[in-house]
1. Scan (1) assigned to a strand (DSSP E or B); (2) over 18 Å from the mean Cα position of the chain (by Cα) for the single condition Ser152 breaks and write down its number.
2. Can you name every residue in region 154-167 that is buried (at least 18 other Cβ atoms within 10 Å of the Cβ) and at pLDDT below 95?
3. Only one residue in Ser112, Ser152 is in contact with a Cys (Cβ under 9 Å, 6 or more places away or on another chain), closer than 22 Å to Leu100 by Cα and not hydrophobic (A, V, I, L, M, F, W, C), so which one is that?
4. Picking from Glu144, Glu138, Glu154, which residue would you name as being within 20 Å of Arg105 (Cβ to Cβ) and touching a strand residue (DSSP E or B) at 6+ places or on another chain (Cβ under 8 Å)?
5. I'm trying to understand the selection: among the residues of region 168-180, which are surrounded by fewer than 13 Cβ atoms within 10 Å (Cβ to Cβ) and assigned to a helix (DSSP H, G or I)?
6. For region 168-179, which residues satisfy the criterion of being on the phi < 0 side of the Ramachandran plot and either in contact with a helix residue (DSSP H, G or I) (Cβ under 6 Å, 6 or more places away or on another chain) or acidic (Asp, Glu) (or both)?
7. Do we find that Leu131 is over 13 Å from the mean Cα position of the chain (by Cα), at pLDDT below 95 and surrounded by 15 or more Cβ atoms within 10 Å (Cβ to Cβ) in this structure?
8. Among the residues of region 102-120, is there at least one that is without any contact (Cβ under 8 Å) to a residue 40 or more places away in the chain, touching a Phe, Trp or Tyr at 6+ places or on another chain (Cβ under 8 Å) and not basic (Lys, Arg)?
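The values are calculated or read from the model by the stated rules, or taken from the named source; none is laboratory data. Predicted model only: the values in this text are computed from it and were never measured. A quick note on method: Cβ atoms are made from the backbone with ideal geometry, for glycine too, and the neighbour counts reach across all protein chains shown.
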Amino acid sequence: MSGAGSISNRPPAAQAGLTDPATTNAATTNPATPTFSAEQLAEVRRLQALYPDARGALLPVLYMAQDTFGWISLEVEEYVAGLFGLSPAHVHEVVTFYTLYFRDRPGRHVISVCHNLSCHLAGAPSIIAHLKRRLGVEVGETTEDGRVTLLSVECLCACEAAPMMQVDDRYEMNLTSAKIDRLLDGLA
């Protein structure tokens, strides 16, 4: 990871190296043995030093762990807890509170549909129903081929273009069924 503020445009699985066997390592293929590289450990220490209490760096370090391992397994929670001198239960509470952390391996693409008030009133329920039919999954599930994970999330701060969704790191706004069909057809 190049820094705390870096953002990747790749899907979570690609960020973790899970889609290219040539780039996988033991950490990405076996989450039971999570280990950061020396560079990543240095980044953890740098982030911890930014805060009066090192625990302030927990969220970005968890995001770095997800970026590295593909999702936050119980083993990853325990590993990160050790880096902070926290109990695994404390880290688990953080992971389960925030929706930005995956507790299971996500699909190659993650579709997050806003269901908050503006999007709801503008048709989010029908957008979600259309995606469920097209993908053959319920919200919170991943397609059998591992291609797409479908989520329903709180406000994504694009109310003026409701209904909207986030596909990986891209916002897709003013959604219609036809636009969704084109987007899904374009996902590899």
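1. (2)
2. Within region 154-167, Leu156, Ala158 qualify.
3. Values: Ser112 fails: in contact with a Cys (Cβ under 9 Å, 6 or more places away or on another chain).
One residue alone meets the criteria, Ser152.
4. Working: Glu144 fails: touching a strand residue (DSSP E or B) at 6+ places or on another chain (Cβ under 8 Å); Glu154 fails: within 20 Å of Arg105 (Cβ to Cβ).
Matching residue, one of Glu144, Glu138, Glu154: Glu138.
5. The initial filter retains those residues of region 168-180 that are surrounded by fewer than 13 Cβ atoms within 10 Å (Cβ to Cβ), namely 170, 174, 178.
Selection gives Ala178 alone.
6. Taking region 168-179 and keeping what is on the phi < 0 side of the Ramachandran plot, we get 169-173, 175-179.
Asp169, Glu172, Met173, Leu175, Ser177 - these are the residues of region 168-179 that are on the phi < 0 side of the Ramachandran plot and either in contact with a helix residue (DSSP H, G or I) (Cβ under 6 Å, 6 or more places away or on another chain) or acidic (Asp, Glu) (or both).
7. Working: over 13 Å from the mean Cα position of the chain (by Cα): yes; at pLDDT below 95: no; surrounded by 15 or more Cβ atoms within 10 Å (Cβ to Cβ): yes.
Against the criterion (over 13 Å from the mean Cα position of the chain (by Cα), at pLDDT below 95 and surrounded by 15 or more Cβ atoms within 10 Å (Cβ to Cβ)), Leu131 does not qualify.
8. Within region 102-120, one or more residues are without any contact (Cβ under 8 Å) to a residue 40 or more places away in the chain, touching a Phe, Trp or Tyr at 6+ places or on another chain (Cβ under 8 Å) and not basic (Lys, Arg).
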